[in-house]
1. Output the number of the condition that THR108 fails; it satisfies all remaining conditions of (1) touching a strand residue (DSSP E or B) at 6+ places or on another chain (Cβ under 6 Å); (2) of a type in the set (Val, Ile, Thr); (3) not assigned by TED's automatic domain parsing to the domain that holds LYS238.
2. How many of the residues in segment 163-207 are among the aliphatic types (A, V, I, L, M) and closer than 24 Å to GLU218 by Cβ?
3. Give me the residue from segment 95-121 that is of a type in the set (Val, Ile, Thr) and free of Cβ contacts under 8 Å to residues at least 12 places away in the same chain and, out of that set, surrounded by the most Cβ atoms within 10 Å (Cβ to Cβ).
4. I'm trying to understand the selection: among the residues of segment 71-94, which are surrounded by 15 or more Cβ atoms within 10 Å (Cβ to Cβ) and touching a strand residue (DSSP E or B) at 6+ places or on another chain (Cβ under 6 Å)?
5. Among the residues in segment 105-112, are any more than 33 Å from the chain's Cα centre (by Cα), not in a loop (DSSP other than H, G, I, E, B) and not hydrophobic (A, V, I, L, M, F, W, C)?
6. Among the residues of segment 213-272, write down those that are within 21 Å of LEU48 (Cα to Cα), in contact with a strand residue (DSSP E or B) (Cβ under 9 Å, 6 or more places away or on another chain) and part of a loop (DSSP other than H, G, I, E, B).
7. Sort out which residues of segment 48-67 are among the basic types (Lys, Arg) and either touching a residue at least 12 places away in the same chain (Cβ under 8 Å) or touching an Asp or Glu at 6+ places or on another chain (Cβ under 8 Å) (or both), and write them in order of number.
8. What residue, of GLY181, GLY203, GLY147, GLY199, is in a helix (DSSP H, G or I), modelled with pLDDT under 95 and either assigned by TED's automatic domain parsing to the domain that holds VAL24 or surrounded by 15 or more Cβ atoms within 10 Å (Cβ to Cβ) (or both)?
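The values are calculated or read from the model by the stated rules, or taken from the named source; none is laboratory data. None of these values were measured; they are calculated from a predicted model. Positions of Cβ are generated from backbone atoms using ideal geometry, with glycine treated the same way; all protein chains shown enter the neighbour counts.
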Amino acid sequence: MTLLGQLLKVERRKVALRGLDGSVQGEVFLPAIFSAKLREDIVRRAYLFLLSHRFQPKGPWKGSGHKYSVESLGPGYGIARIARLKVEGTGKTRGGGFVPTAVGGRPTHPPTPEKNIHKRLNEREKRAALASAVAFTSSVEHVRKRGHRLPENIQLPLILDDSLSTVKKTSELLSILKAQGLEEELERCREVKIRAGKGKRRGRRYKRRRGPLIVVHEDEGVLKAASNIPGLDVVLAKDLSVLDLAPGGHPGRLTIYTLSSLQVLEKRLMGGGTSSRD
């Protein structure tokens with residue numbers, strides 16, 4: 001049975017709608033996608049495939065090691081018959097060229113820019129993985145397992161009023177997150193660790209935690225407000241991807257949704273829409 005057929009038979013559950021001050025303003029029905037099957041295997045597979053779209057092809061120049069004039073002296077001279085570089089204007093030779101065994105020769109079995117590193121994923125599987133990743137955000141057990149620090153008796157997912165997308169100041173956004181009981185989670189995201197191994201020499205010396213993800217229906221300033229809060233990310237519902245919901249391929253990221261973003265997600269997954277980032 002297709003994902004759509006499975007979800008149409010699911011009974012939708014209610015969750016609290018919260019205001020920016022943390023108060024409960026009512027209850028809303030969650031879209032059926034929040035009741036999709038929790039499939040860690042399919043989420044990780046989709047993560048790896050979508051991550052391959054960010055890889056940059058690499059390889060040496062096609063003419064590498066072939067841009068010289070070379071000559072092999074042939075047999076009978078008591079030296080190796082490797083092709084040697086010609087010294088311009090003298091008729092003499094020196095060193096080696098063209099062959100991979102000689103210094104200055106072409107690379108041996110180099111990586112090729114033509115290699116296919118962009119992995120394609122079946123559209124149904126990609127949609128099922130996104131639905132499953134969304135469903136993981138409503139599981140307190142899996143969100144805690146991923147390392148997020150949640151207050152006691154919290155109900156997930158966190159659904160906030162649409163006015164969240166209009167917040168323009170970082171200090172105001174911090175106050176809103178603390179009002180939802182996420183002060184300890186924000187403290188966790190401030191921790192910075194030094195990476196072990198050679199990565200310290202390769203431009204990735206420090207490691208930061210991945211914190212809450214805010215999903216909004218439209219950006220009216222909240223994206224800029226969140227840019228200075230460690231670990232916090234903001235994404236539009238139309239662009240939501242497994243890469244956002246399962247960093248590192250591990251589902252269960254603490255996610256905050258605005259009310260209107262639920263409608264966008266439901267239309268996108270149940271109606272067949274696609275993301276511009278897929």
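1. Of the numbered conditions (1) touching a strand residue (DSSP E or B) at 6+ places or on another chain (Cβ under 6 Å); (2) of a type in the set (Val, Ile, Thr); (3) not assigned by TED's automatic domain parsing to the domain that holds LYS238, the odd one out for THR108 is (1).
2. Step one: filter segment 163-207 for residues among the aliphatic types (A, V, I, L, M), giving 164, 167, 173-174, 176-177, 179, 182, 186, 192, 194, 196.
Those left that are additionally closer than 24 Å to GLU218 by Cβ: 164, 167, 173-174, 176-177, 179, 182.
Looking only at that region, the number is 8.
3. So in segment 95-121, the residues of a type in the set (Val, Ile, Thr) come out as 99, 101, 103, 108, 112, 117.
Add one more test, that the residue is free of Cβ contacts under 8 Å to residues at least 12 places away in the same chain, and what stays is 103, 108.
Details: VAL103: 7, THR108: 9.
Top of the filtered list is THR108.
4. If the condition is that a residue be surrounded by 15 or more Cβ atoms within 10 Å (Cβ to Cβ) and touching a strand residue (DSSP E or B) at 6+ places or on another chain (Cβ under 6 Å), then ALA83, ARG84, LEU85, LYS86, THR93 are the ones that fit.
5. no
6. Selection gives LEU240, SER241, ARG253, LEU254.
7. Going through segment 48-67, the residues among the basic types (Lys, Arg) turn out to be 54, 58, 62, 67.
Selection gives LYS58 alone.
8. On the way: GLY181 fails: in a helix (DSSP H, G or I); GLY203 fails: in a helix (DSSP H, G or I); GLY147 fails: in a helix (DSSP H, G or I).
Among GLY181, GLY203, GLY147, GLY199, only GLY199 is in a helix (DSSP H, G or I), modelled with pLDDT under 95 and either assigned by TED's automatic domain parsing to the domain that holds VAL24 or surrounded by 15 or more Cβ atoms within 10 Å (Cβ to Cβ) (or both).
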